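Chemist: Could you have a look at this structure, given as structure tokens, before my questions?
The values are calculated or read from the model by the stated rules, or taken from the named source; none is laboratory data. Model, not experiment: these values are computed from the prediction. With ideal geometry, Cβ positions are generated from the backbone for all residues, glycine too; neighbour counts draw on all protein chains shown. The area values use the complete protein model at the heavy-atom level, side chains included, leaving out ligands, DNA and RNA. Shrake-Rupley method; radii C 1.70, N 1.55, O 1.52, S 1.80 Å.
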Amino acid sequence: MPRIVEDEKGVSLLIEYLILMGVMSVFVVVMSLQLHETLTESQVSRVMENQFADVASQVSAIYTDYILLMPSEGQIVTRISMLPEIGNRQYNLKMDLYENVGYVHLSSGSIESYMGLGYKKFLRTGGVIEIRPGGEVLSSKAESKDQPKVVYKKEEACPFVPKIRVSFDPSSVEFNNFTNMTVSFENEITEPVIWRIDFWNGSSLSDVSYGGVYRTQIQITDITGCTQKPSSSNDYLCTVTAKAWIHNRVSCNSSVNNTLLVSTTPKLSNPYLVYEKWIEPNLVRRGEPFEVHLKLEGRGFVVEGLANLSVVHVIDVSGSMIWPTIFKDYKKTVTPNVISRTITLNEKGNLEIYAYTTDSLPSWYNSTLCKCSNKCPVGYDSSLIKLYVNGTEASTVYQDGSAIGKRYTNKNAPNGDYTIEVVAAAPEQINITLKVVFKGKEILNETVPYSNYVVESFTLPGGVNYKFLAIYNITNLPSLSYTQWNSSWNRIEYYTVDGQPRYWEYTSRLCGSSAFSQGTLNVWLILPDGSKDFLMKGSGSAWYQARNNYGINGIYADVFIVDPRVGEYRFVIVPISKNPVTFQATALIKRIDAAKLAGITFNSMLGEKDFVGLTNFTTDAQRIAVNSSPLRFMTTDKSFVNNLINQMRAELATDHADGLYYGSRVFPVWNEGGNNCTDCIKDTRPLLIMLTDGEPTICNSNNDPNKYYGCFADCSNCTGGSWCEPCKNQALCIANYLKNFKINDFNVSICTIGFSTDISGQGQQFLRQLASLRPDNNEPCYFFATTSDELVNAYKTIFNAFQIAAKNISVQEAVNVSIISPFDFIDARVVSSKGSPVSITVESRNESTVIRLNMSSIQKDEVVELILKLKAKDEAPTGEYDVNIDSESYIEYTVLDYRGQESGRITLPIISDKDKVRIVTGDQPEIIIR
Amino acid sequence: MEVNEKGQMILLFAAAVVVIILSISYVYAQNVIAGIESSRTMLAFPKEEIRNLCELASSSSTSTDEVVRQVRILCAKNGWVCNYNYPYRVEFKNLEVEYDAQDCRR
């Protein structure tokens, strides 16, 4: 065979080399790629795990140190040292909570490492607290300027937030005049509080308070910084800001504003409505409640402005005013104080139970207090202590020296439970001893302080000389039997009217062969001078009888006091048995006395510049002179008029038309000789208040167009004993004339009060038609009263109706409370400082809650406050939030001018910079990575 | 002339191994220093210093202006910034830790 290649060795070597190198290269390339991957990977994962362990234990060490230091209020920040990359890989560091255990977690791709930090709750002085670990960072943050850190944060919510209040009296001031400023706190101050008042002109006042009230008088001489009202250039609204905070805790603060109305011409000043809105406290923990306050105040000049009144009291003094009317009424159930003990006997034997007292209460139980002096139990007697064993009364008397009471004996008492109850009539505290002796051995001997009484009281106000005070209709009193009426009557009042006598007289029962029987109540009436009256029935019914000679209204009374003193009258009511008893009582005074009281109360509400006049009417009306020409019948001296009111007495029939006519002639505007001076009552608003207890029964016939304002009447058929239709028509005609007649550019206002149950529907309708419309709610100024309290309230309401600053007020307040907001709604209430009714509705919408208020009027110094109670939800995130939704909150009202006339409706948006609240973590500290 | 070509494989493999070792050792170096941070943190966290400051701030006699001034100088000498006030108000700052408490009590 011929050979292809000459040199065998050379060729085979080259090919061997090439083949080998080729194989090796491929091998090396593949290997190096693979190997790098495999070797690095296993190494890197090991390194990563170690690094993770390092970072995790670093965080854990910091966490532990934080727990050991854990300031109750403060912040700790520690930088974490970590590599931005491990083996060219970034990783994630996180801290979290899993089933109440905190942990640190590092991860990068598929490599993860966890390290536990322990349970989330810790015991500390002050209790258990919960830590919330959280947060995460990427390792690349280690290269940035903001290094990763572990932050501990705990903010203390305040021990309390001082609720500062600043008020001015008067709140509407004439320029250069004085006003009194009061700074106080609504809640209790337990740490020193620093407060500061910033005035409108930049000056300020500051002090430390320990809880008291600060008062000072300031003179308004500088109105720079006040807002001038665009509608009346002489009026300025000057706002002060009051801020208070706890000493050394500036974050526990509250602030409130108040606005003063300053005018250079008060007479031409319009009344206003001002509002103030704030939140307190404005720093809360999660789950804690806070209050949103919206305060509305009327502002206006009560004394200086055109709200002064000229009032004529037109008072019915017809014969029926001699009759009684209800002054106070009581009805309540009195539950006795029962001493109750249970004993258990384990065997049969001789059981003796004693209940007694050694106190005798001589000031309550003595012979002088008894209506028939030797018929009542003297001193404290055993009938006044009752002992019940297992519900049954034990009636054996027990007496041993000064100890008196009841006892129970049973020589063969079976074993078992015994319930012992003791009741005693104790109008003041006594000591009751309960002793149980079983088989000769004392097993219970207890002395307890005990009282068993209830007090009800009423006050007879001063200013009126009341003829009598009668109290009747009391039930369950003890009684003296066989007591006859004394046939001789005591006269307490006598006078003649047109030759006819009018009198009141009374009598009481005579003691005879009376026997005393216990009732279920012992009642004492304590008079203003301290003396006691022990109330008793005679032969089962009233002890006193009183009558007048004008009609059938007599009284059967349990108490009858002639010329009663003014002051406090107290009932001390003591139940005798262990069952609850009803106490009821009704106090009566003369109708005319109630009318006097109401008139005097009204006069006390008037100011120095208000004028008062007085006209009585019965068959005829009579003006009472209270002053001298040219103003004979009106005066600003209220006490003079009050004295004249006190001297009125009940007379004859009732002529409302005459009353109204002469009432209006009190005003000095009719060119009458001796009473002719319109200027004397200039700038005042005329008001006639007619008080009557009956229906029109008589009138004066008239066909003269110059008399009775041209109101004709033919009264020949009216006798004075029943309804007189011509009188009604004449009165309505006069009223219409007056309502359209202007004095000082005001129409004359007429208010009517019907006082008694004798007025039928027809009569009430008549009085309603006589009245003009009230300035505060446009309803007829007519009131119906049957008791003295109702009468006084009617006068008060009339007074308030003329003091209004704004009408038809409606407030809409929208707050950020809904399913998605951080707040929950708890409660809403509204309070008026004058007790005016305010209606409130709450509507929950999807993204807000809307509260609406409505009131017919607000008076010039009335304060209406809406308080919303909200709470921060338990899971609300921390931060600062707006509570009010400004765009949907506003106040709308009808504006009045300085003459009290309506002059348009305006809408005020409710804007406040104090409606933010901050939610903090409070007791739950956070430890987070960021 | 004879070129000795023996040992080429070994050298080649050796070169490859060296490269691999170098790349792994880069990673390994990071392994050695693992654990250094947590131990350093445990040693360096100024727990005792803060506790001492809290104790000083708890009594008004050790919180007079003069004492506070001296303590601040002492801190500064160690490279820290510290301050405290009666009652219980403590501030401490060093390179890693910032501590600020209105009430340092636990």
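Chemist: Please tell me if B:GLN102 is in contact with a Gly (Cβ under 6 Å, 6 or more places away or on another chain), modelled with pLDDT under 85 and within 9 Å of chain A (Cβ to nearest Cβ).
Modeler: Yes, satisfied.
Chemist: A:GLU347 - would you say it is farther than 27 Å from A:VAL572 by Cα, touching a residue at least 60 places away in the same chain (Cβ under 8 Å) and of a type outside the set (A, V, I, L, M)?
Modeler: So A:GLU347 passes the test.
Chemist: OK, next. Could you figure out which of (1) within 20 Å of A:SER749 (Cα to Cα); (2) of a type in the set (Ser, Thr, Tyr); (3) surrounded by 17 or more Cβ atoms within 10 Å (Cβ to Cβ) isn't true of A:THR654?
Modeler: Every condition holds for A:THR654 apart from (1).
Chemist: Could you check B:PRO87 against (1) at the interface with chain A (Cβ under 7 Å from one of its Cβ atoms); (2) open to solvent by less than 80 Å² (accessible area, probe 1.4 Å); (3) under 26 Å from A:VAL128 (Cα atoms); (4) modelled with pLDDT under 90 and say which number it fails?
Modeler: Every listed condition holds for B:PRO87 apart from (1).
Chemist: In the range A:324-362, how many residues are touching a Pro at 6+ places or on another chain (Cβ under 9 Å) and under 28 Å from A:PRO580 (Cβ atoms)?
Modeler: Count: 6.
Chemist: Residue by residue through the range A:82-102, note down the ones that are open to solvent by 30 Å² or more (accessible area, probe 1.4 Å) and within 13 Å of chain B (Cβ to nearest Cβ).
Modeler: Step one: list which residues in the range A:82-102 are open to solvent by 30 Å² or more (accessible area, probe 1.4 Å), which gives A:83-85, A:88-90, A:92, A:94, A:96-101.
Across the range A:82-102, the qualifying residues are A:LEU83, A:PRO84, A:GLU85, A:ASN88, A:ARG89.
Chemist: Tally up the residues in the range A:742-786 that are free of Cβ contacts under 8 Å to residues at least 24 places away in the same chain and farther than 25 Å from A:ILE858 by Cβ, please.
Modeler: Of the residues in that region, 5 qualify.
Chemist: When you go through B:VAL81, B:VAL3, B:VAL17 one by one, which is the residue that is more than 9 Å from chain A (Cβ to nearest Cβ), open to solvent by 70 Å² or more (accessible area, probe 1.4 Å) and touching a Lys or Arg at 6+ places or on another chain (Cβ under 9 Å)?
Modeler: B:VAL81
Chemist: Answer yes if at least one residue in the range A:263-272 is surrounded by 20 or more Cβ atoms within 10 Å (Cβ to Cβ), touching a Cys at 6+ places or on another chain (Cβ under 9 Å) and not small (Gly, Ala, Ser), and no otherwise.
Modeler: no
Chemist: Moving to a separate point now. Just to be sure before I move on: is A:SER577 of a type outside the set (A, V, I, L, M), open to solvent by 50 Å² or more (accessible area, probe 1.4 Å) and in contact with a Ser or Thr (Cβ under 9 Å, 6 or more places away or on another chain) in the structure I sent?
Modeler: no
Chemist: Moving to a separate point now. Out of A:THR241, A:THR224, I need the residue that is modelled with pLDDT under 90 and among the hydroxyl-bearing types (Ser, Thr, Tyr). Which one? Explain how you work it out, then say what you get.
Modeler: Values: A:THR241 fails: modelled with pLDDT under 90.
Going through A:THR241, A:THR224 in turn, just one is modelled with pLDDT under 90 and among the hydroxyl-bearing types (Ser, Thr, Tyr): A:THR224.
Chemist: Looking at A:TYR544, A:TYR550, A:TYR569, which one is among the aromatic types (Phe, Trp, Tyr) and open to solvent by 50 Å² or more (accessible area, probe 1.4 Å)?
Modeler: A:TYR550
Chemist: When you go through B:LYS47, B:LYS93 one by one, which is the residue that is under 23 Å from A:ILE929 (Cβ atoms), touching a helix residue (DSSP H, G or I) at 6+ places or on another chain (Cβ under 7 Å) and surrounded by fewer than 18 Cβ atoms within 10 Å (Cβ to Cβ)?
Modeler: Testing whether each residue is under 23 Å from A:ILE929 (Cβ atoms), touching a helix residue (DSSP H, G or I) at 6+ places or on another chain (Cβ under 7 Å) and surrounded by fewer than 18 Cβ atoms within 10 Å (Cβ to Cβ) leaves just B:LYS47.
Chemist: Another question about this same structure. Looking at the range A:457-483, which of the residues that are under 30 Å from the mean Cα position of the chain (by Cα) and part of a strand (DSSP E or B) is surrounded by the most Cβ atoms within 10 Å (Cβ to Cβ)?
Modeler: Checking each candidate, the answer is A:LEU460.
Chemist: Moving to a separate point now. In the range A:604-625, what count of residues is obtained for those that are touching a Phe, Trp or Tyr at 6+ places or on another chain (Cβ under 6 Å) and at pLDDT below 85?
Modeler: Residues flagged as touching a Phe, Trp or Tyr at 6+ places or on another chain (Cβ under 6 Å) and at pLDDT below 85 within the range A:604-625 amount to 1.
Chemist: Within the range A:738-759, identify whether any single residue is among the hydroxyl-bearing types (Ser, Thr, Tyr), over 22 Å from A:GLY599 (Cα atoms) and open to solvent by 10 Å² or more (accessible area, probe 1.4 Å), and answer yes or no.
Modeler: No, the conditions are met nowhere in the range A:738-759.
Chemist: For the range A:776-805, enumerate the residues that are open to solvent by 20 Å² or more (accessible area, probe 1.4 Å), among the aromatic types (Phe, Trp, Tyr) and not in a helix (DSSP H, G or I).
Modeler: The answer is A:TYR782, A:PHE783, A:PHE784.
Chemist: Right, next: Among (1) farther than 17 Å from A:VAL166 by Cα; (2) touching a residue at least 24 places away in the same chain (Cβ under 8 Å); (3) surrounded by fewer than 20 Cβ atoms within 10 Å (Cβ to Cβ), there is one condition A:SER233 misses while meeting the rest; what is its number?
Modeler: (2)
Chemist: Every residue in the range A:48-81 that is among the β-branched types (Val, Ile, Thr), under 18 Å from B:CYS54 (Cα atoms) and either part of a strand (DSSP E or B) or facing chain B (nearest Cβ under 7 Å) (or both), please.
Modeler: A:ILE76, A:VAL77, listed by residue number.
Chemist: Out of the range A:70-79, which residues are within 48 Å of the chain's Cα centre (by Cα) and open to solvent by less than 10 Å² (accessible area, probe 1.4 Å)?
Modeler: Within the range A:70-79, A:MET70, A:PRO71, A:GLY74, A:ILE76 qualify.
Chemist: Looking at the range B:49-74, I want the residues that are farther than 24 Å from A:ASP65 by Cα and at pLDDT below 90 and have a partner that is open to solvent by 50 Å² or more (accessible area, probe 1.4 Å) and assigned to a loop (DSSP other than H, G, I, E, B) with Cβ atoms under 7 Å, at least 6 apart or on another chain. Which pairs are those?
Modeler: B:SER60/B:TYR86; B:SER63/B:TYR86
Chemist: Can you confirm whether A:ARG46 is open to solvent by 60 Å² or more (accessible area, probe 1.4 Å), closer than 20 Å to B:ARG40 by Cβ and either in contact (Cβ under 8 Å) with a residue 24 or more places away in the chain or in contact with a helix residue (DSSP H, G or I) (Cβ under 7 Å, 6 or more places away or on another chain) (or both)? Please lay out each step first, then the result.
Modeler: Values: open to solvent by 60 Å² or more (accessible area, probe 1.4 Å): yes; closer than 20 Å to B:ARG40 by Cβ: no; either in contact (Cβ under 8 Å) with a residue 24 or more places away in the chain or in contact with a helix residue (DSSP H, G or I) (Cβ under 7 Å, 6 or more places away or on another chain) (or both): yes.
When the stated conditions are applied, A:ARG46 does not pass them.
Chemist: Given the residues A:GLU428, A:GLU421, A:GLU442, which is the only one that is farther than 23 Å from A:GLN545 by Cβ and part of a loop (DSSP other than H, G, I, E, B)?
Modeler: Going through A:GLU428, A:GLU421, A:GLU442 in turn, just one is farther than 23 Å from A:GLN545 by Cβ and part of a loop (DSSP other than H, G, I, E, B): A:GLU428.
Chemist: Report yes if A:SER848 is touching a helix residue (DSSP H, G or I) at 6+ places or on another chain (Cβ under 8 Å) and more than 24 Å from A:VAL256 (Cα to Cα), otherwise no.
Modeler: For A:SER848, the condition - touching a helix residue (DSSP H, G or I) at 6+ places or on another chain (Cβ under 8 Å) and more than 24 Å from A:VAL256 (Cα to Cα) - is met.
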